[in-house]
1. Being out of contact with any Ser or Thr (no Cβ under 6 Å at 6 or more places or on another chain), assigned to a loop (DSSP other than H, G, I, E, B) and β-branched (Val, Ile, Thr), is that true of even one residue in the stretch 111-118?
2. Can you tell me which residue in the stretch 1-15 is modelled with the lowest pLDDT, limited to those that are closer than 15 Å to Ala72 by Cα and hydrophobic (A, V, I, L, M, F, W, C)?
3. Could you check Pro13 against (1) part of a loop (DSSP other than H, G, I, E, B); (2) open to solvent by 30 Å² or more (accessible area, probe 1.4 Å); (3) farther than 20 Å from Gly134 by Cα and say which number it fails?
4. Of the residues that sit in the stretch 59-92 and are part of a helix (DSSP H, G or I) and open to solvent by less than 90 Å² (accessible area, probe 1.4 Å), which one is nearest to Ala145 (Cα to Cα)?
5. Output the residues belonging to the stretch 33-48 that are in a loop (DSSP other than H, G, I, E, B) and not hydrophobic (A, V, I, L, M, F, W, C).
6. Scan the stretch 16-32 for residues that are part of a loop (DSSP other than H, G, I, E, B) and over 13 Å from the mean Cα position of the chain (by Cα) and jot them down.
7. Could you list, in sequence order, the residues of the stretch 19-36 that are β-branched (Val, Ile, Thr) and open to solvent by 30 Å² or more (accessible area, probe 1.4 Å)?
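The values are calculated or read from the model by the stated rules, or taken from the named source; none is laboratory data. Please read all numbers here as calculations on a predicted model, not as lab measurements. For neighbour counting, all protein chains shown are included, and Cβ atoms are generated from backbone atoms with ideal geometry for every residue, glycine included. Heavy atoms of the whole protein, side chains included, go into the accessibility calculation; ligands, DNA and RNA do not. Shrake-Rupley method; radii C 1.70, N 1.55, O 1.52, S 1.80 Å.
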Amino acid sequence: MRIGGVPEHVSLPWYVAVEEQRIDATWLDQPGGTGAMTAAMADGTLDVIVALTEGVVQAITGGLDARIVQTAIPTALQWGVHVAAAAELTRETDLVGTRAAISRRGSGSHLMAYVLAERLGWVPDDAQHFVEVGTLDGARRALGAGE
């Protein structure tokens, strides 16, 4: 069994279980997040994913042949909006019409950007308002470059 998940604290039980051979599986870090994992599940690279429920539900409704067998964290994750220290963006309302870094289309970061935009009363244009950055390192580079 090939299991994928983000290389973060929420994956520690899986790391331990695989490392201590409590389960017969291979752990594969997925720094690209939920979107990358659902794509890997679709192409057969991964058998099991530990991912954000919202993104998996979106993938399933989009045709991914998968099912959710368990939730691991019963509370909502805390998402943050981050801007460059020198940016003149200091309030949520300053974000209307700006560009957002997302890991990829259909990812949790993409979904949460839409949730924020809806709360602020605007509809972002996918081509104009999102920059696909892949990983957190990609987001840091794009933010530093002013993208």
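1. Within the stretch 111-118, not a single residue is out of contact with any Ser or Thr (no Cβ under 6 Å at 6 or more places or on another chain), assigned to a loop (DSSP other than H, G, I, E, B) and β-branched (Val, Ile, Thr).
2. Here the residue is Val10.
3. (1)
4. Restricting to residues being part of a helix (DSSP H, G or I) and open to solvent by less than 90 Å² (accessible area, probe 1.4 Å), the top hit is Glu92.
5. The answer is Gly33, Asp43, Gly44, Thr45, Asp47.
6. Listed by number, the residues that qualify are Glu20, Gln21, Arg22, Ile23, Asp24, Ala25.
7. Listed by number, the residues that qualify are Ile23, Thr26.
Yes/no per residue for (1) at pLDDT 95 or above; (2) of a type in the set (A, V, I, L, M, F, W, C); (3) under 15 Å from Val6 (Cβ atoms):
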| position | (1), (2), (3) |
| --- | --- |
| Ala17 | no, yes, no |
| Gly33 | no, no, yes |
| Gly44 | yes, no, no |
| Asp47 | yes, no, no |
